[in-house]
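Working notes, structure below.
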Amino acid sequence: MGFLSALKAPKATIALQLDKDTFSLREPLQGKVNVSSSEEFDSDEVRIELWVTEWTRATEQKQQPGQPRPVSLTAQQTTKLHESKNPVAGRQHLTAGVNNTIPFSIRLPPGIPPTYRSQNVRTSWMLKGVIAVKGRPDVTGYDTEVVITY
């Protein structure tokens, strides 16, 4: 491996395939991770990163001195409610042309609200597949939103 290739992620892809569109807080998140490579390299692990964010917005009408009408003041905030790295496979040697499918089952964290959308509040559950590679950038998949209900 040359010096410049150490600055780039390996030529590989990772994609998540969920077993269904909607999951309940009371059941595990299940699906498959599809890993393919067009380059030979060693991975430290294959994992699924899960994070939950809550976005809120509040608007207040406030009378300012010297103003004939109230002024609208809006504040927004995004908070990360949960973040976890869930290994689905350990160290492995990937060769060019390999295509692996790895089933997974992740317990959802307790105490986190389900997916929610309103004008002033949004709770979003997100997933991403990662192939961790020591000494090089990781291979990452697309951010995927999953719907979680009660």
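Each reported figure results from applying straightforward, stated rules to the coordinates on display, with no laboratory input. Since this is a predicted model, take the numbers as computed values, not measurements. Quick reminder, even Gly has a Cβ in these numbers, built from the backbone with ideal geometry, and neighbours come from all protein chains shown.
I need the full set of residues from segment 127-150 which are under 15 Å from residue 20 (Cα atoms) and under 13 Å from the mean Cα position of the chain (by Cα), in order please. Within segment 127-150, 127, 144, 145, 146, 147 qualify. Yes or no: residue 12 without any contact (Cβ under 8 Å) to a residue 60 or more places away in the chain, surrounded by 14 or more Cβ atoms within 10 Å (Cβ to Cβ) and not acidic (Asp, Glu)? Against the criterion (without any contact (Cβ under 8 Å) to a residue 60 or more places away in the chain, surrounded by 14 or more Cβ atoms within 10 Å (Cβ to Cβ) and not acidic (Asp, Glu)), residue 12 does not qualify.
Within the set 148, 112, the sole residue that is touching a His at 6+ places or on another chain (Cβ under 6 Å) and more than 17 Å from residue 14 (Cα to Cα) turns out to be 112. Taken together, 71, 88 contain a single residue that is touching a residue at least 24 places away in the same chain (Cβ under 8 Å) and either of a type in the set (S, T, N, Q) or out of contact with any helix residue (DSSP H, G or I) (no Cβ under 7 Å at 6 or more places or on another chain) (or both), which is 88. Is it the case that residue 148 is in contact with a Pro (Cβ under 6 Å, 6 or more places away or on another chain), surrounded by 13 or more Cβ atoms within 10 Å (Cβ to Cβ), touching a residue at least 60 places away in the same chain (Cβ under 8 Å) and in a strand (DSSP E or B)? The answer is yes for residue 148.
No other residue among 74, 53 is farther than 22 Å from residue 100 by Cβ and surrounded by 13 or more Cβ atoms within 10 Å (Cβ to Cβ) apart from 53.
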